[in-house]
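Below: one structure, written as structure tokens.
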Amino acid sequence: MATLSRHEGEALLERFRRHLRDHRQPVTRQRELLAEIVLSSGEHLSAEAIIRRLEEKGEKVGTATVYRTLELLVQSGVARVHDFGEGYRRYEAMAGPDDHEHLVCVRCGRVEEFTNERLERMLPVIADEHHFQPQRHRVEIFGLCQSCQRLDLGGLT
Ligand SMILES: [Zn+2]
Ligand SMILES: [Zn+2]
């Protein structure tokens, strides 16, 4: 998602804290740090990448705690989880109601985002044609990003 403003990030973090309290889950420093990483990164992070960033901040957090906290982030509605078919999941901050879609590079794993009004308008029309009542959707396009395409050309430039 596009990087959140400081204010938006803080609002999501507060919502997460409230969710923890409402569910009688302790609001620990480690959970807050992890939430901050996901909510401020503007990227689609794997659990492994999140653990690395925690370590860079000098925090050693157990894998079970990391996964549990990620689950809580998704449950509380402040983060989205993606499975791009890479064998692991990725997490990103919830951007709000305006949806964005993803382009996933199958070689380097880079994820780009796009929004397209025409596409967003078409999807309910397609559902309607199938007498289907849509609730939500995700569109993922898999392929090669620009820099991987350039690598493919192998020094032709
Ligand atoms: Zn995204
Ligand atoms: Zn790539």
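Results, tabulated for the structure shown:
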| read-out | value |
| --- | --- |
| Some residue of the range 82-94 being within 16 Å of ligand 2 (Cβ to nearest atom), surrounded by 14 or more Cβ atoms within 10 Å (Cβ to Cβ) and under 30 Å from Pro26 (Cα atoms) | yes |
| Failed item in (1) surrounded by fewer than 13 Cβ atoms within 10 Å (Cβ to Cβ); (2) free of Cβ contacts under 8 Å to residues at least 24 places away in the same chain, with Leu119 passing the rest | (1) |
| Tally of residues being within 16 Å of ligand 1 (Cβ to nearest atom) and out of contact with any strand residue (DSSP E or B) (no Cβ under 9 Å at 6 or more places or on another chain) across the range 131-156 | 1 |
| Verdict on Leu54 being within 19 Å of Gly42 (Cβ to Cβ), more than 16 Å from ligand 2 (Cβ to nearest atom), part of a helix (DSSP H, G or I) and in contact (Cβ under 8 Å) with a residue 40 or more places away in the chain | no |
| Residue in the range 21-37 that is on the phi > 0 side of the Ramachandran plot and either in contact (Cβ under 8 Å) with a residue 60 or more places away in the chain or surrounded by fewer than 16 Cβ atoms within 10 Å (Cβ to Cβ) (or both) present | yes |
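The rows are residues; the columns are (1) of a type outside the set (Phe, Trp, Tyr); (2) within 16 Å of Gln75 (Cα to Cα); (3) not in a helix (DSSP H, G or I).
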| residue | (1), (2), (3) |
| --- | --- |
| His7 | yes, no, no |
| Leu13 | yes, yes, no |
| Phe16 | no, yes, no |
| Gln30 | yes, no, no |
| Ile50 | yes, no, no |
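Let's see how each residue does on (1) part of a loop (DSSP other than H, G, I, E, B); (2) surrounded by fewer than 12 Cβ atoms within 10 Å (Cβ to Cβ); (3) at pLDDT below 90; (4) under 12 Å from the mean Cα position of the chain (by Cα):
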site: Gly58; (1), (2), (3), (4): yes, yes, no, no
site: Thr65; (1), (2), (3), (4): no, no, no, no
site: Arg68; (1), (2), (3), (4): no, no, no, no
site: Leu73; (1), (2), (3), (4): no, no, no, yes
site: Arg80; (1), (2), (3), (4): no, no, no, yes
site: His102; (1), (2), (3), (4): no, no, no, yes
site: Gly109; (1), (2), (3), (4): yes, no, no, no
site: Glu112; (1), (2), (3), (4): no, no, no, yes
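The values are calculated or read from the model by the stated rules, or taken from the named source; none is laboratory data. Small disclaimer: the values here were computed from a predicted structure and weren't measured. In this analysis, Cβ positions are derived from the backbone assuming ideal geometry, glycine residues included, and neighbour counts consider all displayed protein chains.
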